[in-house]
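Scroll down for the structure; my scribbles are underneath it.
Any read-out appearing in this document is the output of simple, stated calculations on the displayed coordinates, not a laboratory observation. Keep in mind it's a predicted model, so treat the numbers as computed, not measured. Here the Cβ positions follow ideal geometry from the backbone for every residue, glycine too, while neighbour counts run over all protein chains shown.
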Amino acid sequence: MAQNTKIEWTDTTWNPITGCTKISDGCTNCYATKMANRLYKMGNAKYANNFTVTLHVDALKEPYKWKKPRRIFVCSMSDLFHEDVPDGFIQMVFAVMNENPQHTFQVLTKRPNRIIRLSTQIKLTWSDNIWLGTTVENMGAIIFYDRITMLKHTLAKTKFISFEPLLQDMGKLDLSGIDWAIVGGESGTNARPIQEDWVLNIKNDQNVAFYFKQWGGRNKKKAGRLLMGRTWDDMPTKRERYEYSTITWSELESMLKNHVLGGLQ
Ligand code: SF4
């Protein structure tokens, strides 16, 4: 079943896939891992495999039943582009999103390199109701995985970056072609600290819609989400499809040749 969610920038989560594996520093205190383990121990059938990647064919029907338009966070308990999710199942998830234009689907991945590879092998239709985002938690997300470049070269019309948990100052970034930046600090017992100037660097330097999610910390409720005395809840605005410079597959591959961890196999 889909769930109402406390995640501020969405209305509902939808999990046709559960389970994942850690890939980068942002995963260290993965909320989904802990939640899956709790549900597994409670005997929840959907989490019988705990956090092993598991496909839920039944869940594919859910968006059809929601008549009122919603913003839907796709795979909040997984990563749609995890290497263990079969290409065919990704196509099925896309078919559901394509057939439900009343909803906005927010797909957030730490594996945009797989999207680039898939786009040369199978057909994925990027209908306008699919927003695609990637996580950039520190410089490693750029140095090892080149996630921003990968995101820019996908065919999604609306593109966003989740700087959460923000773990270091990102310096100057080129966010041309990116519509939306979500920034947030890590929460929970082992939360790693965020600094205000890191947040302001992203907010001030970029011409993108800005959403400040939270300061985080051990008591995220108390820390709240005010920045400069107010909340920041911008959403991407509708615009024409951004025409990023065309690039060939081999050019992209050569750009990535030094990226040891994020290489395209
Ligand atoms: S990619 Fe997301 S769901 Fe997967 S382990 Fe990392 S934080 Fe958790």
Under 13 Å from the Arg230 label point (7 Å along Cα→beta-carbon), backbone N, region 178-207: none
At 1.002 mPa s and 20 °C, Stokes D of region 19-139 from Kirkwood alpha-carbon radius, µm² per second: 139
GNM flexibility winner over the chain from Asn138, Asn29, Asn37 (Cα, springs under 10 Å): Asn37
Calculated FRET efficiency for the pair Ile143/Cys30, C-beta based, R₀ 30 Å, to 0.05: 0.90
Efficiency of FRET from Cβ geometry, Thr52 and Thr237, R₀ 35 Å, rounded to 0.05: 0.35
Distance histogram for region 3-255 (every C-alpha pair counted, 10 angstrom bins, percent rounded to whole numbers): 7, 30, 39, 21, 3
Gaussian network model of the chain, springs between alpha carbon atoms under 10 Å - residue of Leu108, Leu166, Leu55 with greatest fluctuation: Leu55
Point-to-point label distance, Gln168-Glu83, nm (Cα→Cβ direction, 7 Å offset): 2.4
Gain upon complete extension [Lys65, Gln121; 0.36 nm per residue less C-alpha separation]: 17.0 nm
Two-site label geometry, Thr189 and Leu155: point separation in nm, points 7 Å out along Cα→Cβ: 4.6
For region 79-208, with +1 on Lys and Arg beta carbons and -1 on Asp and Glu, the positive-most of Ala95, Ser187, Ser162 along the dipole: Ala95
Long-range amide H partners of Ser76 with built H, under 5 Å: Trp14
Residue of Met228, Met150, Met77 that the Gaussian network model of the chain assigns the largest fluctuation, springs spanning Cα pairs under 10 Å: Met228
